[in-house]
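The structure under discussion appears below in the form of structure tokens.
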Amino acid sequence: MDVLNCDLSAEEVLLRFNSTCAHVLDLVAPLKTLYYKSRSEPWLDDSTHCLRQICRRFERKWKKDKLQVSLQMFRDSLFHQKAVKTAKSSNFTPITEKYLIDLVEHLKPTGSSIDVVPPYFLKQVLDVVGPHLLCLINHSLTVPNPNLGGLSSCVKQYVKNLGVVFDEHLRFDRQINSVVKTSFFQLRLLSKAKSFLSFKNFEKVIHAFITTRLDYCNSLYVGISQTALSRLQLVQNAAARLLAGVQKQDHITPVFGPYTGSLCVTE
């Protein structure tokens, strides 16, 4: 293409130049169509989003000034959780009988003594209790506070299974509080025995009393808030400081090795 042809007018030269630039851009950065991705939480509309913003604002205010009035304002703003739960129930699609049958058929046999209904027994009586079970599940998921009749007295906000405390929202706040409280209590006791143990033996004691508590059922912590995880990180940092003998104001990063959870300290 001879763009510098003197016989062409200025407009023709400009058109050829724009065409050349557009061709180069198509080769280097071709045009792509962006498809709209549906929201994973369609029940979060403008009203629930506004309530969440108000709650977060009061939470930041309370963390900043630590006043009792700010804490009360933050507690009063937590009603947005009820609004989100109500909006979530309105967007719920009831499960079908086919889905329930497939779910029960894929249950694996267990020998746990705490199973209310063993899987093999549920498969045998599914034809009889299936419709009632399906109605109970759909009613519980669509109604924020379902009336369970005689079973209402059995409903609890927290339950414990294999030493792990489960809450109704699966935030594991009470479980993490228990782990943090017990771990710091053990660290205070171990600090008194540090002078009587060698470094290798004291490291084994730290792993036996602290690391095992942090690692116990830690796969359940997937998806919880970063604030809750940071509390567990504080316990691990305190254990590393005690083992390495560093001060509280010293940075913790040099104490840990190149891999998370491994200590890089010397006797």
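Which order do 9, 70 fall in if you start with the one that has the fewest other Cβ atoms within 10 Å?
9, 70
Give the residue list of trypsin sites (Lys or Arg not before Pro) in the stretch 55-104 that are DSSP loop and have at most 16 other beta-carbon atoms within 10 angstrom.
66
Starting from the Cα-Cα distance between residue 31 and residue 152, subtract it from 0.36 nm times their residue separation and give me the gain in nm to one decimal. All intermediate terms of the calculation are to be shown ahead of the outcome.
Working: separation 121, 0.36 × 121 = 43.56 nm, distance 5.87 nm.
Length difference between fully extended and current span is 37.7 nm.
Compute the Rg/Rh shape ratio of the stretch 166-255: radius of gyration over Kirkwood radius, all on alpha-carbon atoms. Don't jump to the answer; show the numbers that get you there.
Working: Rg = 14.0 Å, Rh = 14.0 Å.
My calculation of the ratio gives 1.00.
Around residue 70, what is the net charge, scoring Lys/Arg as +1 and Asp/Glu as -1 over all other residues with Cβ under 12 Å from its Cβ?
Numbers: positive: 57, 60, 61, 63, 64, 66, 75; negative: 59, 65, 76.
With Lys, Arg at +1 and Asp, Glu at -1, the neighbours total +4.
Step through the table entries 66/248; 123/156; 64/192; 181/204; 64/156, compare each Cα-Cα distance with 29 Å, and write down the pairs that go over it. Spell out each step's value before the answer.
Details: 66/248 23 Å; 123/156 27 Å; 64/192 35 Å; 181/204 21 Å; 64/156 34 Å.
Flagged as over cut-off: 64/192; 64/156.
Assuming R0 = 41 Å, can you tell me the calculated FRET efficiency for the pair residue 123 and residue 72, based on Cβ-Cβ distance, to the nearest 0.05?
Numbers: r = 51 Å, r/R0 = 1.25.
Computed FRET efficiency for residue 123 and residue 72 comes out at 0.20.
Reachable lysines from residue 85, Cα under 17 Å, same-chain residues fewer than 8 places away excluded?
Within reach: none.
For the stretch 201-210, take each phi angle, set θ = phi - 60°, evaluate the Karplus expression 6.51 cos²θ - 1.76 cosθ + 1.60, and give the result in whole Hz per residue in order, putting x for glycine and proline.
Coupling constants for the stretch 201-210: 5, 5, 5, 5, 5, 4, 5, 6, 9, 10 Hz.
Bear in mind that the values in this text are calculations on the coordinates, not laboratory data. Since the structure is predicted, the reported quantities are computational estimates derived from the model, not experimental observations. Neighbour counts run over all protein chains shown; Cβ positions are idealised from the backbone, glycine included.
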